[in-house]
Amino acid sequence: MMNNQKPTWKQTLKGWLYVLPMLIIVAIFSLYPIVSSLAMSFYTQYNFFTNQVMALGFDNFKYLWEDPLFHSAVANTLIFVVGVVPLEIVISLTVAVLLNQIKVLAGFFRTIYFLPFVTSIVAISMVWKWIYNKDAGLLNYFLSFVGIHPIDWLNDPTWALPALIILAIWKSLGFNIMLFLVALNNVDKRLYSAATLDGANAWERFLHVTVPMISPMTFLIAVNAVIGSFKVFDEIFSLFGGQAGPGNAAMTVVFYLYRMFYEQNKYGIAAAAGVVLFFMILIVTLLQTWFSKKHVHY
Amino acid sequence: MEVKFNHVTLTYPNGVEVLHDMDFDITDGQLVALLGPSGGGKSTTLNLISGLLSATSGNIYFGDKDVTKQDALGRGVGMVFQNYALYPHMTVLDNIIFPMKMAKVDKSTRKQRALELAQLVRVSDQINKKPSDLSGGQQQRVAIARALAKSPNILLLDEPLSNLDARLRVEMREEIRRIQKETGVTTVFVTHDQSEAMHVADKIMLLNDGRIQQYDAPQSLYENPNNQFVANFIGEPALNVVPADQFDDEVRQLFDGDVATIGIRAEALTNEVKAPAIKMQAVVHEVLSFGRDRQAAISVGSHQLVATEVTTAAPLEQETTLFAALSGVYAFDQSGQRLPLRGDHA
């Protein structure tokens, strides 16, 4: 068959047929819900069960603009993202680099670190509830060695968000370490020999060879971590027993959305919160992509 | 800088000795080729010079300084890796600058020096490109410039031409020679290609089985091989080896010692007498011409020989008298050591 001919109608049709199965699934389960939730965010009077729209407008967004709970949900979400993502990347990269240096037991440690990823978040939260316990918890026990008084992690509004951040970082490590290990293994070892001969010490080799060479993976992990952190919900739900922390101290945008939708049946407001979240993620991801153009080397 | 190996051996942790009693001098400013088959110890020797491997016994000197215990950085060697190992995320200029940046050379000096080096290796018009945008030959040039950037005591090249296509190979081997002569830096390169070594090097060290077979000027290696391995390895087509009993006593008496095999260079076999030669009865099967080259298939007794100087005038498929010029005939004893001509003791 010639490749330089213009496709005929028959060939074009055939091409579309190949894409069709996936296209149908995407259209029904992704595109349609996205479009309808966008539409729903403008429904100010709406019967969810009969799908009757009585009135349209910007009232839902106005409500969010004025609701202090939504403000604190946005603020908490941003604090959570800023608290989790950088630490998550730095810690998992450090552990991956260390793990990459050892030959013995590397597989054993990889498995250990990977466990949080395969364990149910509900079970993990049970364990952390105990770790965070004010009187019997492991964390306060260790902190007592450095002279810090017991902190009521789960019931003190000041500490609820930090407790959540610690849990989220810990939970994400396993998978990110795995991804970093893959990237580290793919760096051409001869570059390290060359850099050593060029007079670079271990830190300079890390900075000038490792960091740029694994930057595509770092970018992937960062984007993934940002999106995941913006959507944080299940950790809160299971750690604080279905609540958004003491006095809504761990209220995030998705938790707010959940509460509006399932508990208060304010479907339009929930949809509007979703739209706001969508644009928050979009802006940050665009910023990351712009940044990556300069600093990620493929 | 002069490099001196003083009875150096290398034993791997598993107890296998891979290099035996390496004892040689590389004269300052020379271009030396480490030549030999795979597994012969060329790259290992190179790594011993570089300091990437350290000797099990013996001493290594750079000039008067004992560098046996020093690592690669301390010895100040510049190295060009087989795959060049250029930093893919840096531009050509940044690649060349990198060693100077690590050595904390100030910014304007290192840039100026990098530009000079880019000029020397002729990549001045490519300095803002990434390595992946360059051809193999250009990458090689950049790798050489980077290795030269820290003004190394000695420049080491590991199979520098093996990743290039045939035409580039010829071009780059001339370039390596030019750059070496212009900078005057003592240079050692590894190759398994004898013609590469013969064309470029001032001296060739032929290695096999972790031993130096011969360390000599290229022409001496060809004209005056120490042993059967050297005679066999150097020269294209390969040496014709015939058991001594195919020849009469008269021929064997020419050499001093117990002749086991006789080697005849393909280019020494001819059907026209020119120089002092031994006569032999042979059958010419065919004579092929390839451009300026000729190749004839010959048999002596049951042995197949290749000759390049048999003309198309030779009668085919019948017993003929051929001559083997004495300068291209070597006799070896049982162990493969070369036997001198009788009365030719130096």
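The values are calculated or read from the model by the stated rules, or taken from the named source; none is laboratory data. Remember, predicted model here, so these are calculated numbers, not experimental data. Using ideal geometry, Cβ is built from the backbone for each residue, glycine included, and neighbour counts are taken over all protein chains shown. To get the accessible areas, we keep the full protein, side chains included, count just its heavy atoms, and leave off ligands, DNA and RNA. Shrake-Rupley method; radii C 1.70, N 1.55, O 1.52, S 1.80 Å.
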Using the charge dipole of chain B (Lys, Arg: +1 at Cβ; Asp, Glu: -1 at Cβ; taken about the Cα centre), state which of B:Gly210, B:Val92, B:Gly263 has its Cα farthest towards the positive end. B:Val92
Report the Cα centroid-to-centroid distance between the range B:168-240 and the range B:113-163 in angstrom, as an integer. 23
Taking a probe of 1.4 Å, how large is the accessible area per residue of the range B:3-228, in Å²? 41
Calculate, for chain A, the solvent-accessible area per residue in square angstrom, rolling a 1.4 angstrom probe over the heavy atoms of the protein chains. 59
Please identify every one of the trypsin sites (Lys or Arg not before Pro) in the range B:131-163 that sits in a loop by DSSP and has no more than 14 other beta carbons within 10 Å of its own beta carbon. none
In peptide B:84-91, how many Cβ atoms from other protein chains are near each Cβ within 10 Å, on average? 6
Work out which helices of chain A, taken as complete DSSP H runs, extend at least 27 Å along their axis over the Cα atoms and score a mean Kyte-Doolittle of 0.5 or more, then list them. A:68-101, A:157-185, A:267-295
On C-alpha positions alone, give me the angle between the axis of helix B:107-120 and the longest principal axis of chain B, in degrees, nearest 10. 20
Got a sec? Which residues of the range A:249-298 lose 30 Å² or more of accessible surface with every protein chain in place, vs. that chain alone, 1.4 Å probe? A:His297
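If the viscosity is 0.890 mPa s and the temperature 25 °C, what translational diffusion coefficient in µm²/s does Stokes-Einstein give for the protein assembly as shown when Rh comes from Kirkwood over Cα pairs? Numbers along the way, then the final one.
Working: Rh = 31.9 Å.
Estimated via Stokes-Einstein, D reaches 77 µm²/s.
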Show me the ranking of peptides A:46-52, B:68-74 by mean Cβ neighbours inside 10 Å, starting with the highest. B:68-74, A:46-52
Between B:Val16 and A:Lys103, the FRET efficiency computed from the C-beta separation at R0 = 22 Å comes out, to the nearest 0.05, as 0.55
Karplus 3J(HN,Hα) series, Hz, for the range B:281-291 with 6.51 cos²θ - 1.76 cosθ + 1.60 (x for Gly, Pro): 8, 8, 10, 8, 8, 7, 10, 10, 10, 10, x
For a protection proxy built on the mean count of beta-carbon atoms within 10 angstrom, sort A:114-123, A:156-165, A:192-201 highest first, please. A:192-201, A:156-165, A:114-123
Residues of the range B:238-339: accessible area per residue at 1.4 Å, in Å²? 51
Within the accessible area of the protein assembly as shown (1.4 Å probe), percent carbon and sulfur: 59
Three-way shape call for the range A:62-295 based on the alpha-carbon gyration tensor, with the a/c threshold at 1.5: oblate
Span from the the range A:176-229 Cα centroid across to the the range B:246-303 one, whole angstrom: 61
Other chains' Cβ within 10 Å of A:174-187 residues: what's the mean? 0
Put simply, what bits of the range B:48-74 lose 10 Å² or more of accessible area when the other protein chains are there, versus the chain on its own (1.4 Å probe)? B:Leu52, B:Ala72, B:Leu73
Can you give me the long-range amide H partners of B:Thr186? Hydrogens built in the peptide plane at 1.01 Å from N, cutoff under 5 Å, separation of 5 or more residues or another chain. B:Gly29, B:Leu155
At 1.002 mPa s and 20 °C, Stokes diffusion of the range B:2-108 via Kirkwood alpha-carbon radius, µm² per second: 136
Overall Cα dimensions of the range B:194-283 - principal axes, largest extent first, Å: 38, 29, 20
In the range A:62-295, if the dipole is taken from +1 on Lys/Arg beta carbons and -1 on Asp/Glu beta carbons about the Cα centre, which of A:Pro116, A:Leu179, A:Leu239 is farthest to the positive end? A:Leu179
Burial order of peptide ranges A:6-19, B:111-124, B:53-66, B:221-234 (average beta-carbon count within 10 Å, highest first): B:221-234, B:111-124, B:53-66, A:6-19
For the interface of A with B, what's the total buried accessible surface in square angstrom, probe 1.4 angstrom, rounded to the nearest hundred? 1600
